[in-house]
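*Asks:* Sharing a structure with you now.
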Amino acid sequence: MEWTRLMVLDLAPGEVYAHACGECEWIVLPLSGGCEVRCRALPSPASPAFEARGPGQSPGSGPEVFQLNGRAEVFDGASDFAYLPRDAHAEITSENGGRFALAGARCETRLPARYGPAGKVPVELRGAGHCSRQINNFAAAGPDGFDCDRLIAVEVLTPGGNWSSYPPHKHDEHHPGEESRLEEIYYFEIAPHGDTPGLGYQRVAPSPAGKTDILTEVRTGDAVLIPDGWHGPSMAAPGHDMYYLNVMAGPGATREWLIRDHPDHGWIRGSWDGQDVDPRLPFSRTEDHR
């Protein structure tokens, strides 16, 4: 992938992971467990494309330290997170162990390292009926979103038996005001049922601008790369709630998420009028997904 990056860390108790941000900005997002993130700025590169924005941290000063409370699992509410700027070095450690996603995007501007509190993550219920899903917009684009240079990242939670990322849509061409050019990564975690592992399915179909053609089974730990194409639906098998982390970035001068619905399926949005949102939403901390 040219613009998007994703790493998932499984840290043992007390284990330390050293991370060089390089030419990318990153968000450290707990999937299960909490962690400490220590971030130190490095000297600015000599590239004419580099630009620093905001007060940031001076190279050579002490590290920024962020304590992330995290969560027990991805269905257990939105998590707090930490933003790491490009050209920085970070260390991530978890006292009790856990799993952590690093969502990244190649960028030009260095923003300050920051903490994102869970309580300020906008939670949206989208769709209706069997197309109901929940979106945790922790790093969405827009005036009310978390400030990044290029990175766009959200979490989508879909009750078992529902279709998400539907109608199929795309964002692989630049049309001002209508569609933005964005690569995308889907990272999945599927709730088991007792001792039975969860599963779901992901479809990506060729578009006029791309040839990606995928219909694949997905399980916890799987990722689907979408450089182009109509993507959706993401199908959650009955009895198995589906989580996916969306990581997006692209070459556009403006950080925005503009999509075009598939012309054969866009009508489905109108069918939601008069339907109720799935009563299983929003996911709460008291629900049992296992």
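The values are calculated or read from the model by the stated rules, or taken from the named source; none is laboratory data. Every value quoted in this text rests on a predicted model; they were computed, and no experiment measured them. With ideal geometry, Cβ positions are generated from the backbone for all residues, glycine too; neighbour counts draw on all protein chains shown. SASA here: full protein model, heavy atoms, side chains in, ligands and nucleic acids out. Shrake-Rupley method; radii C 1.70, N 1.55, O 1.52, S 1.80 Å.
*Asks:* For the chain, which whole percent of the accessible surface, found with a 1.4 angstrom probe, sits on carbon and sulfur atoms? Can you show the working numbers first?
*Replies:* Values: 6500 of 12530 Å².
Carbon-and-sulfur percentage of accessible area, whole number: 52.
*Asks:* Out of these labelled values of mean projected area of the Cα convex hull in nm², (i) 18.3; (ii) 29.4; (iii) 15.4, which was calculated from the coordinates shown here?
*Replies:* Given (i) 18.3; (ii) 29.4; (iii) 15.4, the calculated one carries the label (iii).
*Asks:* Sort Leu258, Leu151, Leu125 from largest to smallest accessible area, using a 1.4 Å probe on the heavy atoms of the protein chains.
*Replies:* Values: Leu258 40, Leu151 0, Leu125 75 Å².
Sorted by accessible area, descending: Leu125, Leu258, Leu151.
*Asks:* Taking the chain as a Gaussian network, where each spring joins two C-alpha atoms under 10 Å apart, which residue of Pro143, Pro197, Pro112 fluctuates the most?
*Replies:* Pro143
*Asks:* How much accessible area does Glu15 have with a 1.4 Å probe, in Å² rounded to the nearest 10?
*Replies:* Taking all protein chains as shown, Glu15 has close to 80 Å².
*Asks:* Where does the chain land at 222 nm, in deg cm²/dmol rounded to the nearest 500, when only DSSP H runs of n ≥ 4 count, each adding -39500 (n - 2.57), divided by all residues?
*Replies:* Working: 1 runs with 4 residues, N = 290.
Value at 222 nm, helices only: 0 deg cm²/dmol.
*Asks:* Turning to a different aspect of this structure: Please compute the modelled spin-label separation between Asp147 and Glu36, points set 7 Å along Cα→Cβ, answer in nm with one decimal.
*Replies:* 2.8 nm
*Asks:* Another one. In whole Hz and in residue order, list the ³J(HN,Hα) couplings for the stretch 153-161 that follow from phi through the Karplus curve 6.51 cos²θ - 1.76 cosθ + 1.60, θ = phi - 60°; x for Gly and Pro.
*Replies:* Ordered by residue, 3J(HN,Hα) equals 8, 9, 10, 10, 10, 10, x, x, x Hz.
*Asks:* Provide the gained length on full extension for the span Glu23 to Ser284, in nm with one decimal, where the gain is 0.36 nm per separating residue minus the Cα-Cα distance. Write down the numbers at each step before the final one.
*Replies:* Values: separation 261, 0.36 × 261 = 93.96 nm, distance 3.69 nm.
Once the chain is fully extended between Glu23 and Ser284, it gains 90.3 nm.
*Asks:* Now, a different point. Within the stretch 60-91, name every residue whose backbone N is under 16 Å away from a label modeled 7 Å from Cα of Val123 along the Cβ vector.
*Replies:* The answer is 70-81.
*Asks:* Report the Cα centroid-to-centroid distance between the stretch 209-266 and the stretch 61-93 in angstrom, as an integer.
*Replies:* Cα centroid to Cα centroid, the span is 25 Å.
*Asks:* Given the peptides 18-25, 115-122, 83-90, arrange them by the average over their residues of other C-beta atoms within 10 Å, most packed first. Intermediate results must be reported in sequence, preceding the final value.
*Replies:* Details: 18-25: 18.2, 115-122: 14.5, 83-90: 23.0.
With the highest mean Cβ count within 10 Å placed first, the list reads 83-90, 18-25, 115-122.
*Asks:* GNM, the chain, Cα, under 10 Å: largest mean-square fluctuation among Pro263, Pro227, Pro251?
*Replies:* Pro263
*Asks:* Magnitude of the Cβ-charge dipole of the chain, K/R +1 and D/E -1, about the Cα centre, nearest 20 debye? Before the final figure, lay out each step's value.
*Replies:* Values: 25 positive and 41 negative charges, 61 e Å.
The calculated dipole for the chain is roughly 300 debye.
*Asks:* Given springs between every Cα pair under 10 Å in a Gaussian network model of the chain, which of Phe81, Phe146, Phe138 has the largest fluctuation?
*Replies:* The residue with the greatest mean-square fluctuation here is Phe146.
*Asks:* Just to confirm, what accessible area per residue do you get for the chain at 1.4 Å probe, in whole Å²?
*Replies:* Details: 12530 Å² over 290 residues.
On a per-residue basis, 43 Å².
*Asks:* Give me the dipole magnitude in Debye, nearest 20, for the stretch 161-276 about the Cα centre, with unit charges on the beta carbon: positive for Lys and Arg, negative for Asp and Glu.
*Replies:* On the way: 8 positive and 18 negative charges, 26 e Å.
Its charge dipole is roughly 120 debye.
*Asks:* Here's a follow-up. Defining a contact as two alpha carbons under 8 Å apart and six or more residues distant in sequence, what relative contact order in percent does the stretch 201-270 show?
*Replies:* Working: 64 pairs, mean separation 19.4, N = 70.
About 28 percent, as a whole number.
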